[in-house]
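Working notes, structure below.
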Amino acid sequence: MMTFLVLRARLRNLYQKHGIYIETIVKFLAAVVVFQMINASLGYDHRLKQITVILVLSLLSAFTPSAVLILLAALVTLGHIYYLSKILFVIIMLIILIMYCLFLRFTPKLGYVVLAIPILYFLKVPYIIPLILGLFATPLSIVPTACGVILFYLFGVIKEAAAIQVNISVEDTLQLYTYVIDSLIGNKQLFMTIIIFSLIIIVTYFVRRMKFDYAREIAVAAGALTCILGFLFSDLRLNVSDEIGAMIIGTVVSAILAVIIQFLHLTLDYTGVEHVQFEDEDYYYYVKAVPKINVTAPQINVKRFNTQKNAGLRRGAAGRINNELLPEEEEDFEEDYEEDYEEYKDYGSNSKDDAE
């Protein structure tokens, strides 16, 4: 346990010293992954797939708030759709604009959630997002979570709608519009996912705010159990039982990652719990104080020794023990003796002349 605590202390010290650079690098890499994922999923306009465009947009996202990355990702997505179909571009633009305005109004600081969910869906571990939000955010984070789920399913709708050949006529436009809206509204799995993610956030949030020991760790377990039971019921009801195994494995992996993140953020020592009681003019307080575990990373000081010099000192020390001088010390002693003798002789002669 002490090894992990020391590692945690070193990581925290590293982040405190170089936090600005670390955040910039992480945002840059995240932006590269986002734009690459969009190009891999859609990729209709080859100009937006150029590495120069991706790097420029990623650098811009690295030095700006997360909401800017959301906006740039939406613009790249719309650029691919516009290259494919102008009618589909208008429909998708309205849907994304509604989601963006809804997200920006209520939770502008959780921009990473909207893009993290589609990316983690490809990695089969999207369940970590509601667990993390339940640990560190409020139930209001359900809004960006829902937008992220809608965005993931919207990519699938765009791929299917791209196969529909339409003209600019009113009938074809209405047909495409109806297809996109019905594909979203009629997708039961989409709404079940939003409901289950919302339940995970709520359960994790309220359990971690309880007053018993290890509330945060138990909150992760409760959120993971809610996830497994919720998606188990959903998959069986929607006849997609082939996804149950991947869902359980992804939930367990997500819970482990959430516990690791919680450990790096905050570690409490429940063996040192203290209960304090005090009062003022209006209330009598019962306070439970749980100390944090803070370990200082050990400082390693490396001392370099000159072997030749040390060997000479050891020889000198050995010679002095025997009241003997080394050859080089004898030469220095003779030179100092001759200089002192000449000074003393001159001083003696001058004193004799003064006396006379």
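Derivation of every value follows stated rules applied to the coordinates shown; laboratory data play no part. Quantities reported herein were computed from a predicted structural model and do not represent experimental measurements. Every residue, glycine among them, receives a Cβ derived from its backbone with ideal geometry; neighbour counts consider all protein chains shown.
The range 189-266: which trypsin sites (Lys or Arg not before Pro) are DSSP loop and have at most 13 other beta-carbon atoms within 10 angstrom?
Details: sites: ARG208, ARG209, LYS211, ARG216, ARG237; in loops: ARG209, LYS211.
In loop regions of the range 189-266 (DSSP not H, G, I, E or B), the sparsely surrounded trypsin sites (Lys or Arg not before Pro) are ARG209, LYS211.
Can you work out the FRET efficiency for the pair VAL240 and ASP280, with r the C-beta to C-beta distance and R0 = 45 Å, to the nearest 0.05? Walk me through the intermediate numbers first.
Numbers: r = 58 Å, r/R0 = 1.29.
About 0.20, to the nearest 0.05.
If the chain between LYS109 and PHE233 were fully stretched, how many nm would it gain, using 0.36 nm times the residue separation less the Cα-Cα distance? Working shown, then result.
Details: separation 124, 0.36 × 124 = 44.64 nm, distance 3.26 nm.
Contour length minus Cα-Cα distance gives 41.4 nm.
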Just to be sure I follow: if Rg is taken over the C-alpha atoms of the range 1-78 and Rh is the Kirkwood radius over the same atoms, what is Rg/Rh?
1.17
In whole angstrom, how long is each semi-axis of the equivalent ellipsoid of the range 46-196, when you take the square root of 5 times every eigenvalue of its Cα gyration tensor and sort them from largest down?
27, 21, 13
I'd like the FRET efficiency for ALA162 and ARG209, computed as 1/(1 + (r/R0)^6) with the beta carbon distance as r and R0 of 41 Å, rounded to 0.05.
0.35
Scattering profile of the range 201-301 at q = 0.17, 0.20 Å⁻¹ [log10 I(q)/I(0), Debye over alpha-carbon scatterers]
-0.89, -1.04
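Arranged from highest to lowest average of other beta-carbon atoms within 10 Å per residue, in what order do the peptides 91-99, 240-248, 136-144 appear? The partial results should precede the final answer.
On the way: 91-99: 17.1, 240-248: 12.8, 136-144: 18.7.
In descending order of packing, they fall as 136-144, 91-99, 240-248.
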Can you flag which of LYS17/LYS288; LYS17/LYS109; LYS49/LYS86; LYS109/LYS288; LYS17/LYS124; LYS27/LYS49 are past 27 Å Cα-Cα?
LYS17/LYS288; LYS109/LYS288; LYS17/LYS124
Please work out whether the range 223-271 counts as rounded, prolate or oblate from its C-alpha gyration tensor, where a ≥ b ≥ c are the square roots of the eigenvalues and a/c under 1.5 means rounded, while otherwise a/b larger than b/c means prolate and anything else oblate?
prolate
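If we count other beta carbons within 10 Å of each Cβ, what is the order of GLU281, GLU23, GLU274, fewest first? Provide the component values of the computation, followed by the final result.
Details: GLU281 4, GLU23 12, GLU274 9.
Neighbour counts put them in this order, fewest first: GLU281, GLU274, GLU23.
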Rank the residues ASP269, ASP282 as a footprinting-exposure proxy: fewest other Cβ atoms within 10 Å of their Cβ go first.
ASP282, ASP269
